[in-house]
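Asker: So that we are looking at the same thing, I have put the structure below in structure tokens.
Each value in this text was obtained by applying a stated rule to the coordinates, not by laboratory testing. Since this is a predicted model, take the numbers as computed values, not measurements. As a convention, Cβ positions derive from the backbone with ideal geometry for all residues, glycine included, and neighbour counts pool all protein chains shown.
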Amino acid sequence: MNVTLEGETVVALKPVFGYLHRNHEKLAEGMSYLGSMPYTDRLDYICPLTNNWAYALAVEKLAGIEVPERAEYLRVILAELTRIQNHAAFLGFVLGDMGAWGTALMYAFRERERILDFFEELTGARMMVNFMRFGGCRWDTPAGWLEEVRKFVKGVPNFLDEMEKLLVENEILLARLVGVAPLSGKRAIEGGLSGPPLRASGVDYDIRKVDAYGIYSRFRFRIPRGEYGDCYDRFMIRIHEARESVEILKQALDEIPEGPVLNPKIKQRGFRPPPGEVYARLEAPKGELGFHIISDGTDRPYRYRVRPPSLINLTLLEEMCIGAKIADVMVILGSIDIVLGEVDR
Amino acid sequence: MKSSYEQLEMELRPHGVFVTSLEEIYNWGRKNSLWPLQFGLACCAIEMIATAASRFDIARFGAEVFRPSPRQADLMIVAGTVTKKMAPQVVRLYNQMPEPKYVIAMGACAISGGPFKEGYNVLKGIDRYIPVDVSIPGCPPRPEALLEGLIKLQEKIARERLLCNEAARSTTSAQPSEYPVPNYGANDLDPPYNSSVFHPPPIHVGD
């Protein structure tokens, strides 16, 4: 970022992108549809499973593939676990950036490691899972996995209480967060924001409700909203969202049926969708993650475009930072929750 | 046949006297308090943070003091994809670190470009510009792998000599401690690699 200061007050700010531009889109146009799946893990590398799902969703929409019931439930379970671990890591990172060096991160990563254990048990990898396939998931859960997840999910609210206590009862933290960089709902919509920063400004917009992709229409959950759109709201909304994720997880774990997890009719390798154009999106932990794919009927996409939530949530960064103190810039940037792998792609 | 030094050591130990060489105690101190430079480039940085966090706890190996300034760091963990736009900054950070300094290339991207090797904006390994001591494969390597790499580096440090022909790089002026920073040009990095550090593998074309 190039920041212009007057004393300690920010008068201009310009984000500079491209330091992690890894040519994701260009590479994807040169390889098969399935070949791009591992690369989507590395977009938003804190939550690879939602990226996998967004890509699979786009290709399924393009080719009109049906997904078995059990796979839909499994996807919801994995996406909500991802959301919890992303929000936990977010709180740890940003509190660390604010000077609570280490402590908050230790608590957050304790919880995150437990979720990564589940991912590892299921997919074989901690972070780069490469688990979704067109028309389902790669394989079924190992024996007892769902039981273990159920046990873990019961304990998540305790962790969230602990984190919330850390946020609500710490006077220094409140002084750093309350009233910093408020953003009105109108501006947030004009800026194209999505996900937690949009909802923190009081806008009731969650793609899980709006689109009800997958089987989200079957679950009862609320959409938490902030009131003032300041940094404090943007922090607290993550805690509340994680609580709602726990509710979804409980329902999904109770209702998950037996059955296959992969549509057997789909040939994964050498996959050729019909020619056409598609945009599919879902509510990733950071906002609206969309994939725009143009197919010309060959085994490679003609055009492949990612709509990353992190990049577009940065549009209002300058507006939020102008007038703030230099020390607050870090907090404001952190409260948007960006991942550079997704910003630059 | 034991050396005279080892004989002396064995003789004195029952009496509660420990002898050591300057080299040994110097290396022992250095290897157990490596201060890494706190910077991450991509996915591997998250695993680096996980290594520093509660479960894996890099503090057990004395390397938990992540310094935000290169002037205070001994170890550079290149964690993640180095793009061509980022490479000059990484080399500059390396140059700003005081000797003795070490480099760990963490993950496939830092070693060779990894899965993004075909990309036009990705540097095919940081060893093109700075010397790398330990390479840790993986995408990303698990925290245990990073710890293993750290142990390997500690072993390397423990073997370093101070005053002789094979003296460590930091003690001699034969090898530079700074390397030229590449220029982020219009088409590519200029030069594409530093020929004093990186030797491309010879290509044998059949008869």
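Asker: Give me the distance in nm between label points sitting 7 Å out from Cα along the Cα-to-Cβ direction at A:GLU247 and A:ARG305, one decimal.
Answerer: 3.6
Asker: Averaged across A:118-126, how many Cβ atoms of other chains sit within 10 Å of each residue's Cβ atom?
Answerer: What the average comes to for A:118-126 is 1.
Asker: With every atom except the alpha carbons ignored, what do you get for Rg and Dmax of segment A:17-75, in angstroms?
Answerer: Looking at segment A:17-75, its Cα Rg and Dmax stand at 13.0, 41 Å.
Asker: Across segment A:21-344, how large is the tail of the calculated P(r) beyond 37 Å, expressed as a percent of all Cα pairs?
Answerer: On the way: 7721 of 52326 pairs.
Here the long-distance tail beyond 37 Å is 15 percent of all Cα pairs in segment A:21-344.
Asker: Just the C-alpha atoms of segment B:45-170: what Rg/Rh do they give, with Rh taken as the Kirkwood radius? Provide the component values of the computation, followed by the final result.
Answerer: On the way: Rg = 14.7 Å, Rh = 15.2 Å.
Taking Rg over the Kirkwood Rh, I get 0.97.
Asker: Tell me which GluC sites (Glu not before Pro) from segment A:152-252 have a DSSP coil assignment and no more than 16 other beta carbons within 10 Å of their own.
Answerer: Numbers: sites: A:GLU162, A:GLU164, A:GLU169, A:GLU171, A:GLU190, A:GLU227, A:GLU241, A:GLU244, A:GLU247; in loops: A:GLU169, A:GLU227.
Here the sparse-neighbourhood loop sites are A:GLU169, A:GLU227.
Asker: Give me the one-decimal nm value for the distance between modelled label points at A:MET330 and A:MET31, 7 Å along each residue's Cα-to-Cβ direction.
Answerer: Rounded to a tenth, the inter-label distance reads 3.6 nm.
Asker: Grab every C-alpha pair in the protein assembly as shown, bin the distances at 10 angstrom width from 0 up to the longest one, and report whole percents.
Answerer: Each 10 Å bin holds this share of Cα pairs: 3, 16, 25, 25, 17, 8, 4, 1, 0.
Asker: Please list, or write none, the aspartates and glutamates whose alpha carbon is within less than 14 Å of the alpha carbon of B:LYS2, excluding same-chain residues fewer than 8 places away.
Answerer: Excluding near neighbours in sequence, the set is B:GLU11.
Asker: Given an 8 Å cut-off on Cα distances and at least 6 residues of separation, report the relative contact order of segment B:36-161 as a percent.
Answerer: Numbers: 232 pairs, mean separation 32.5, N = 126.
Computed value for segment B:36-161: 26 percent relative contact order.
Asker: Please report the antiparallel percentage of the DSSP beta bridges confined to the protein assembly as shown, to the nearest 5.
Answerer: Here the share of antiparallel DSSP bridges comes out near 70 percent.
Asker: Residues of segment A:322-342 with amide nitrogen under 18 Å from the 7 Å Cα-to-Cβ point of A:PHE17?
Answerer: A:333-334, A:336-342
Asker: Can you run phi through the Karplus equation (6.51, -1.76, 1.60; θ = phi - 60°) for segment A:7-16 and list ³J(HN,Hα) in whole Hz, with x for Gly and Pro?
Answerer: x, 10, 9, 6, 10, 8, 8, 9, x, 10
Asker: While we're on this one: Among the listed pairs A:LYS154/A:LYS286; A:LYS26/B:LYS124; A:LYS14/B:LYS124; A:LYS154/A:LYS250, which are separated by more than 20 Å between their Cα atoms?
Answerer: A:LYS154/A:LYS286; A:LYS14/B:LYS124, as the Cα separations exceed 20 Å there.
Asker: Which of the chymotrypsin sites (Phe, Trp or Tyr not before Pro) across segment A:84-181 are loop residues per DSSP, with 15 or fewer other Cβ within 10 Å?
Answerer: Taking segment A:84-181 and a limit of 15 other Cβ atoms within 10 Å, the loop chymotrypsin sites (Phe, Trp or Tyr not before Pro) found are A:TRP101, A:TRP139.
Asker: Ok, one more. Can you classify segment A:207-345 as rounded, prolate or oblate using the Cα gyration tensor, where a ≥ b ≥ c are the square roots of its eigenvalues, rounded means a/c under 1.5, and otherwise it's prolate if a/b beats b/c and oblate if not?
Answerer: Because a/c hits 1.5 or more and a/b fails to exceed b/c, segment A:207-345 counts as oblate.
Asker: Counting other C-beta atoms within 10 Å, and keeping those with at most 13, which DSSP coil GluC sites (Glu not before Pro) do you find in segment A:1-82?
Answerer: Answer in residue order: A:GLU8, A:GLU66.
Asker: What FRET efficiency, computed as 1/(1 + (r/R0)^6) with R0 = 51 Å and r the Cβ-Cβ distance, is obtained for B:ALA186 and B:LEU12, rounded to the nearest 0.05?
Answerer: Taking R0 as 51 Å, the efficiency between B:ALA186 and B:LEU12 is 0.15.
Asker: Then there is this: In deg cm²/dmol and to the nearest 500, what is the mean residue ellipticity at 222 nm of chain A if only DSSP H runs of at least 4 residues count, each as -39500 (n - 2.57), divided by the residue total? Please list the in-between numbers first.
Answerer: On the way: 15 runs with 174 residues, N = 345.
Mean residue ellipticity at 222 nm (helix-derived): -15500 deg cm²/dmol.
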